[in-house]
Each structure stands twice: as structure tokens, then as C-alpha cells.
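First comes the structure, then the notes that go with it.
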Amino acid sequence: MKPLADPSIRRIDLRFRTQKRRVEFDGKRRTILLGIDLSARAQAYFLEFTVERRDGSRESFFRKLSVSSKEFPSTRLTVAPGMAKAPPEEAERIEREAALVASVLSVVSPEWLGTGSFATPLPEGEPFPNFGQRRLYNNAVASIHSGVDISAPAGTPARAANSGRVVLAANLYYSGNTVIIDHGLGVFTYYGHFSKILVKRGQPVKKGEVIAKVGSTGRSTGPHLHWSVRVLDSRVDPFSLAALPLE
């Protein structure tokens, strides 16, 4: 949301569910990104605003936000047996990688690193709007797809959806060769199944910069890019984020 510019405001603290934002004002309009997780209940929620003015006065107010129910599609996929249900000897690796990803996504950088609106990382690919899809692997193992898939030939260059810093570039059991970019303020983009990673952890990247090549590593049925987005602790639709006009 974009609060109106008001030179008397010093800062606004905003709370939505478990998410918190603080915006320092310099008389200009500011954009605040908040996410609604795909598992959020369909009900009314409240945004809480606390405004602190330059004269030291404070006031709080609320805005009601209604979340509607949504039916996500289901599909059945056939993959290698070890990718439907991981063998016991891989359990320690999977647990370690899950902890690593959770640790990376828990760090909220204090500054916005992005440049304007987000863009699709694979503009020449074929997008599948399968965010939230319920998947059944080999008629036995169920999961929820927290991103979207973009199909493209193996080796196709994939690009950073926005400027930021690479916080993970590694091979993971399920998502194969994976890159995570921190765009600041708790916003991350996650890219998976690459054949080759072209960036390193800690490297700054610009929007549109080539970060890897499309592949089919990890739990995959063919060459494609898995693209997902986190806004603080919420899994959100990447195509919805890309549609937002950000300055």
C-alpha cells in the first residue's frame, strides 16, 4: 500500500498477522510490501498502523482486510522413486538443507535492494500459473507447490527478477541447483532446477542479470525453472508480485 506523503509524519509502524514493517518518512511516498501466505485462512484480518509524528504525538488505527477462499488445482506427477519419497539415507541431508534455507530466509536486510518492479526471470519461457497446486507424486506422496514453473529448453539463460544479493547458490536435494536472491526488507526470490549456476553467494546482482541456466536437476520432470517468492514469512504468487507497479 502507498500512504499519502505527509511531512508531519516521522515514521509508521505497521503490523499484519506475524509481519511487521517500519517506514521512516522524509516527506515522500513510500511503498510497503506485505504478503498473504497461500495457507492463510479465508477470513477478515486487520492491518494495524501506529503513526509517530515529528512533534512526538502518536496515534493508532486499523484497516480491515478480507481474505477470500481460493480453490487450488490438483495434479499427479511421476518422478524417480527417490524423489517422490526420499530414501532414509538422504534424510539428514534434506533436514540440513531445509534448516539452511530457513536460516537464509529469516534474515531481514534493513535496506531495499530492488530496482523498480519485478520481472519474469525467463521471459522467453512458457509460464505455468500453478502456484498453490496440490501435487501427488507417484500416487503416494502429496505436497503443495509454493511457486510457479516456467518451461524452457535446457541451457536457456535465467535472469534475476530484480536487483539484490545472492544469499544461496547450491545444489539441494529437491530443487536441484538453486539460487536465492535477497532483495531487502524480507523479500526473497527462489530459483530451482538449474543445470548450471553462474553466480556465487554474497554476489550483488542487477535486475535482468543472467544468474544460471535452465535444467532439470532435483525433483523435476523436465527442463524448467521453479520460481517462488517470500515476503517475510509468506509464500506469495510470483506473477502477482511481478504485476505490481513498484517505483
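The values are calculated or read from the model by the stated rules, or taken from the named source; none is laboratory data. Keep in mind that what you see is a predicted model, and the values were worked out from it rather than measured. Cβ atoms come from the backbone with ideal geometry, glycine included; neighbour counts cover every protein chain shown.
Key figures for this structure:
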quantity	calculated
Ser68 of a type in the set (Ser, Thr, Tyr), on the phi < 0 side of the Ramachandran plot, assigned to a loop (DSSP other than H, G, I, E, B) and modelled with pLDDT of 90 or more	yes
Every residue from the stretch 204-247 that is closer than 18 Å to Glu126 by Cα and crowded, with 22+ Cβ neighbours inside 10 Å	Ala212, Val214, Gly215, His224, Leu225, His226, Trp227, Pro238
Residue count for the stretch 15-31, restricted to those that are surrounded by fewer than 16 Cβ atoms within 10 Å (Cβ to Cβ) and part of a loop (DSSP other than H, G, I, E, B)	6
Test set (1) part of a strand (DSSP E or B); (2) without any contact (Cβ under 8 Å) to a residue 24 or more places away in the chain - Ile12 fails condition number	(2)
Ala99 vs. criteria touching a residue at least 12 places away in the same chain (Cβ under 8 Å), closer than 30 Å to Arg219 by Cβ, aliphatic (A, V, I, L, M) and exposed (fewer than 15 other Cβ atoms within 10 Å of the Cβ)	no
Residue selected from the stretch 71-89 under the condition of a type in the set (A, V, I, L, M) and assigned to a loop (DSSP other than H, G, I, E, B), by the criterion farthest from the chain's Cα centre (by Cα)	Ala80
Residue in the stretch 41-65 that is surrounded by the most Cβ atoms within 10 Å (Cβ to Cβ), counting only those that are free of Cβ contacts under 8 Å to residues at least 40 places away in the same chain and either among the acidic types (Asp, Glu) or not in a strand (DSSP E or B) (or both)	Glu48
Phe25 in contact with a strand residue (DSSP E or B) (Cβ under 7 Å, 6 or more places away or on another chain) and modelled with pLDDT under 90	yes
The stretch 102-133, subset part of a loop (DSSP other than H, G, I, E, B) and either of a type in the set (Val, Ile, Thr) or not assigned by TED's automatic domain parsing to the domain that holds Pro223 (or both), residue surrounded by the fewest Cβ atoms within 10 Å (Cβ to Cβ)	Val107
Listing of strands (runs of 3 or more DSSP E) fully contained in the stretch 146-242 that carry 1 or more residues being under 22 Å from Glu111 (Cβ atoms) and free of Cβ contacts under 8 Å to residues at least 40 places away in the same chain	164-172, 176-182
